[in-house]
Each structure stands twice: as structure tokens, then as C-alpha cells.
Amino acid sequence: MLSAKVEASEARVYTFDFRAFGMLHLTPNQDTARLLNRDDRPSLALTQAMLYQPGYSYPPKQTDFKSALDFLAIPLERILWVYGGNPGPARGVDFELRRLYVLFNDHYLRGDIKMAPGMRFSDYFATSAADKPFQIIYDARLYAGLPDKKKTEGEGLEHFDFVTLNLRNAGGIFDVQTEEQDEDG
């Protein structure tokens, strides 16, 4: 068996079925999205995992705690989003940050995603979700419920430097045009 040097990193994994908080293991300079998008990995491995009822509140309520596990393999297709790991090194490719909203059953995330300048959201997601469903958003905020005009720019329940999303499991994805964008056409 080949062994590579890995670094443990705290992570919170939100799935359809539960929340798991534990340690994920990345090779140096590997970002979380790249690990999750690998073709040879059907699951995400967590060590020292704490298992909780589904939800998004942090810290979780004591009544939500279910089990402590030394090891947990989570099938990638069940993951909604992951907080933790590594956003990866900045790549030399030209990009712009675009505001994005990602809907889930009872909450949503708002953040900035790196896209090629001038690219349409529909084109980006048609190709990204098919090839690499796990994408990173930066300066992410978590909100309860569904978005409305009053809530889309507020503080939110929690702020993250970055979050790795599974776009295939999003209930919806949209952007909100600013007044400046509307005036430009």
C-alpha cells in the first residue's frame, strides 16, 4: 500500500442524513474540492467523527448528538456542503468573484465563486456540475429558511472564509443582480 504525507484538518460535513464533525485528511496544498472531485474516491473519510442529527446550527444542541466514531466514510453523493479543509492555492488563471446563492431544504448559503470573466452562470454550472460538482465559495454566509429580498444581504447565522459545495445536491442556485448590473443591461 502506498502512503502519502497527509495533514489532518477539522471539518464539518453536512449531508442529507446527518451532520458529522471530525478530521479530514489532505495531502499538502490539496484543496477540499479537489479531494472530493477525484474519480477514485467514492466517499469522504473522516476520523474522530462526532455524528449529529441533520441540521445546520452550530454548535449543535446536545440532544442532536448521536455517536462518536473513530472512522466514518461518507458517500460523496450524500454530501451537501463541507466547511473545513483547505481552499487551495491561488491559481494563475484569470477569474472574477461572482455572488452566488445556493438553496438547500431548510437553509441557504451565500458566497463568492471564482468564474472566468464574462461567463454566464448557466454555462458555468452546466459544465462544473457535470465534471466537478464540488466547488468552493468564499466569504460564505449561512442563512435559515429561504431567501427573500430583506435577508439576502444580512449578516446570516454564521460566516465562513470558504465552504465546499456539492452543486449536484443543491435545491437551487441563483445570483442576485445589483442595481449597478441592472443599469448596465
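Pairs under 6 Å by beta carbon, first residue within 10 Å of A140 (Cβ to Cβ) in the stretch 100-116, partner modelled with pLDDT of 95 or more and outside any strand (DSSP E or B), six or more apart or different chains?
Here the result reads none, with nothing in the stretch 100-116 linked to a residue that is modelled with pLDDT of 95 or more and outside any strand (DSSP E or B).
Would the stretch 30-48 turn up any residue that is loosely packed, with under 14 Cβ neighbours inside 10 Å and touching a residue at least 40 places away in the same chain (Cβ under 8 Å)?
No - not one qualifying residue is present in the stretch 30-48.
Return the residues of the stretch 59-83 that are under 20 Å from R168 (Cβ atoms) and in a strand (DSSP E or B); say none if nothing qualifies.
Within the stretch 59-83, A73, I74, P75, I79, L80, W81, V82, Y83 qualify.
May I ask you to list the residues in the stretch 1-49 that are touching a helix residue (DSSP H, G or I) at 6+ places or on another chain (Cβ under 8 Å) and β-branched (V, I, T)?
Residue satisfying the conditions is T15 alone.
If D94 satisfies every condition in (1) surrounded by fewer than 12 Cβ atoms within 10 Å (Cβ to Cβ); (2) modelled with pLDDT of 95 or more but one, which is the exception?
(2)
Considering only the stretch 126-185, how many residues are assigned to a loop (DSSP other than H, G, I, E, B) and either β-branched (V, I, T) or modelled with pLDDT of 70 or more (or both)?
Adding up the residues that qualify gives 15.
The values are calculated or read from the model by the stated rules, or taken from the named source; none is laboratory data. Keep in mind that what you see is a predicted model, and the values were worked out from it rather than measured. For neighbour counting, all protein chains shown are included, and Cβ atoms are generated from backbone atoms with ideal geometry for every residue, glycine included.
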